[in-house]
Amino acid sequence: MSRFRPWRRHMPDMSTPVFPANRRRSIRAAGAERKTLFTLLELVAALAILSVVLGIALPMVGRIPAFLTLESAAHPLQTMLQEAGIRALHQGRLVTIRVARDLERETVSFTLEGEGGGGAGLYSPAPTPPVTIAPPVTVLFPGIPDDQPVRFQFHPDGGADGPEVLLILRGRALRLGVSPLTGLPFRQEEDASL
């Protein structure tokens, strides 16, 4: 049995849309009548913005690969220098990085010596592969003649001996070396116009 509810008579039925179907169609038709094409002024403004962005970005495109090539050559060497310092401290003995220069091929190889066990603790390092730097990156050891042997030595007390390494590529240069006091590698960007 249903009770009489007089207020229901005045409330709108929520199951039907607020706008009739023909009213909705007329609203859509009005939107379709609006312009759908770009004006000439909008196209010129978009082309001006695009040309400014390309004018800024294109000169930098040539520099990015050179920078990345130099970084990819410097990063493994810097990692090897850090690894050698850590091994010397943990193993309690001298660790050496030998440098082999092949003047014919213009390559330089860095090999970590002093691998293996020793020392106390749980530190048991895996063998470190040699790092080879080849053209187009040029490797220089400032103040050291080409026929003189080059090496880095890391002492168990945390100190280190070794030359500075200058990596050069198309106007960019990175100087790498080790601090004699702490044995930590350092890195400095420079201008390659020597």
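The values are calculated or read from the model by the stated rules, or taken from the named source; none is laboratory data. All values reported here derive from a predicted model rather than from experimental measurement. Please note: Cβ atoms are built from the backbone with ideal geometry, for glycine as well, and neighbour counts cover all protein chains shown. The protein model used for the area step is the full one, side chains on, heavy atoms only, and it has no ligands, DNA or RNA in it. Shrake-Rupley method; radii C 1.70, N 1.55, O 1.52, S 1.80 Å.
The strands (runs of 3 or more DSSP E) found wholly in the stretch 142-194 and carrying at least 2 residues that are out of contact with any Gly (no Cβ under 6 Å at 6 or more places or on another chain) and open to solvent by 80 Å² or more (accessible area, probe 1.4 Å) occupy 185-191. Being at pLDDT below 90 and under 30 Å from M60 (Cα atoms) holds for only one residue in P185, P129, P135, and it is P135.
Any idea which of M60, M80 is at pLDDT below 85 and among the hydrophobic types (A, V, I, L, M, F, W, C)?
M60
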